[in-house]
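Here is the structure we will look at.
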Amino acid sequence: MEHPKLDENYLNLGSFFDIYNEEDFLLRNMKIQNELIETQIIQHPIVEQTILDHVTFSDCEFEKADISDVIFKNCDLSNCRFPESSIFQVEFQNCKMIGTSFEGSYCHNVVFNGCLMDLSNLDKMNLKVMQLNDCSLKDASFSENKLNKVSFKNCDLNEMTIWNTKLKGIDFSNSQFETIEIDQDSTKGLKVNTEQAAYLASYFLDIRVSY
């Protein structure tokens with residue numbers, strides 16, 4: 001896992017709206033704090049080597065965004081849309097992301113730490129070297145994805161939907177779910193704990209496991 005390459009000492013304080021100062025919607029080497037961004041729709045914005053701290057995005061869409069070497073701290077991205085975006089060496093720290101959509105996006109070296117991601121749309125993604133730690137993904141959709149070195153640690157996966165996604169080598173055993181919607185092919189090679197195995201046996205085979 002490679003982390004964002006930036007030095008906070010060399011960042012300039014600014015506003016997200018500085019992105020409109022550049023013809024190609026570029027935001028680089030910035031630190032943005034305590035800002036509200038509402039109803040912005042930008043095609044192919046580029047955000048590089050930037051920290052966003054306590055920034056709220058409300059009803060925004062950033063199609064085909066190019067985001068690299070960026071840290072989101074305590075941001076609210078709920079119901080924002082990042083379709084078909086490229087996200088490289090990015091960290092989301094304690095962010096609220098209820099209903100956020102990354103459908104069709106590519107992620108490489110991305111970390112979600114302590115994020116609230118209920119009802120998020122994580123479909124049709126290409127995920128390489130990604131960590132989800134202490135995140136809530138209740139009712140999230142995680143289907144038709146390609147995974148390479150993706151890890152879940154202490155996440156709430158209850159009522160998550162997973163279809164047509166090969167989970168071979170993925171470890172759910174230290175995360176939690178009571179119910180989950182998943183197709184049988186997706187579970188091949190998935191590591192689960194005893195309680196999860198009992199649920200899946202019941203789900204697919206109507207087998208009841210006694211202890």
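Quote to one decimal, in nm, the extra length available between ASP171 and GLN43 on full extension: 0.36 nm per residue of separation minus the C-alpha distance between them. Mind dumping the intermediate values first?
Numbers: separation 128, 0.36 × 128 = 46.08 nm, distance 3.59 nm.
Full extension of this stretch gives 42.5 nm more.
Roughly to the nearest percent, how much of the accessible area of the chain is carbon and sulfur, given a 1.4 Å probe? All intermediate terms of the calculation are to be shown ahead of the outcome.
Details: 4680 of 10520 Å².
Carbon and sulfur: 44 percent of the exposed surface of the chain.
Could you tell me how many degrees, from 0 to 90 and to the nearest 10, lie between the Cα long axis of helix 194-205 and the main elongation axis, the longest principal axis, of the Cα atoms of the chain?
70 degrees
Enumerate by residue number the trypsin sites (Lys or Arg not before Pro) in the stretch 16-103 meeting two conditions: DSSP loop (anything except H, G, I, E, B), and at most 16 other Cβ atoms within 10 Å of the site's Cβ.
Working: sites: ARG28, LYS31, LYS64, LYS73, ARG81, LYS96; in loops: LYS64.
Answer in residue order: LYS64.
Local charge sum around SER85 (other residues, Cβ-Cβ under 14 Å, Lys/Arg +1, Asp/Glu -1)? Working shown, then result.
On the way: positive: LYS64, ARG81, LYS124; negative: GLU48, GLU61, GLU63, ASP66, GLU84, GLU103, ASP123.
For residues surrounding SER85, the net value is -4.
Calculate the dipole size of the stretch 1-40 relative to its Cα centre from +1 charges on Lys and Arg beta carbons and -1 charges on Asp and Glu beta carbons; express the result in debye to the nearest 20. Don't jump to the answer; show the numbers that get you there.
On the way: 3 positive and 9 negative charges, 29 e Å.
Approximately 140 debye in magnitude.
Taking GluC sites (Glu not before Pro) as candidate sites, keep only those in a DSSP loop with at most 11 other Cβ atoms within 10 Å, then name the longest stretch of the chain containing none of them.
Details: sites that count: GLU2, GLU23, GLU178.
Between the exposed loop sites, the longest stretch runs 24-177.
For the stretch 127-204, state which trypsin sites (Lys or Arg not before Pro) are in a DSSP loop and have at most 12 other beta carbons lying within 10 Å of their beta carbon.
Numbers: sites: LYS128, LYS138, LYS146, LYS149, LYS153, LYS166, LYS168, LYS188, LYS191; in loops: LYS138, LYS166, LYS168, LYS188.
Listed in order of number, the matching sites are LYS168, LYS188.
How high is the relative contact order of the chain, in percent, counting Cα pairs under 8 Å that sit 6 or more residues apart? All intermediate terms of the calculation are to be shown ahead of the outcome.
Values: 644 pairs, mean separation 22.3, N = 211.
About 11 percent, as a whole number.
For the stretch 1-116, what class follows from the C-alpha gyration tensor (a ≥ b ≥ c being the square roots of its eigenvalues): rounded when a/c is under 1.5, otherwise prolate if a/b is larger than b/c, else oblate? Intermediate results must be reported in sequence, preceding the final value.
Details: a/c = 1.19, a/b = 1.05, b/c = 1.14.
Rounded shape, in that the Cα axes give a/c under 1.5.
Using only the Cα atoms of the chain, build the gyration tensor, take square roots of its eigenvalues as a ≥ b ≥ c, and label the shape rounded, prolate or oblate: rounded if a/c is under 1.5, else prolate if a/b is larger than b/c, else oblate. Write down the numbers at each step before the final one.
Values: a/c = 2.35, a/b = 2.25, b/c = 1.04.
Verdict is prolate for the chain.
May I ask for the distance between the Cα centers of the stretch 140-206 and the stretch 8-32, given as a whole number of Å?
Cα centres, the stretch 140-206 to the stretch 8-32: 39 Å.
Does the stretch 81-127 come out rounded, prolate or oblate by the C-alpha gyration tensor, with a ≥ b ≥ c the root eigenvalues, rounded set by a/c under 1.5 and, if not, prolate when a/b is larger than b/c and oblate if not? If you can, show how the numbers build up before the last one.
Numbers: a/c = 2.18, a/b = 1.14, b/c = 1.91.
Here the stretch 81-127 falls in the oblate category.
Using the heavy atoms of the protein chains and a 1.4 angstrom probe, tell me the accessible area per residue for the stretch 8-61 in square angstrom.
Details: 3130 Å² over 54 residues.
Dividing the accessible area of the stretch 8-61 by its residue count gives 58 Å².
State to the nearest 20 debye the size of the charge dipole of the chain about its Cα centre, where the only charges are +1 on K and R beta carbons and -1 on D and E beta carbons.
Values: 18 positive and 34 negative charges, 182 e Å.
Using only the charged Cβ atoms, the result is roughly 880 debye.
The values are calculated or read from the model by the stated rules, or taken from the named source; none is laboratory data. All values derive from a computational prediction rather than experimental measurement. Reconstructed Cβ throughout: ideal geometry from the backbone, glycine too, with neighbour counts over all protein chains shown. SASA here: full protein model, heavy atoms, side chains in, ligands and nucleic acids out. Shrake-Rupley method; radii C 1.70, N 1.55, O 1.52, S 1.80 Å.
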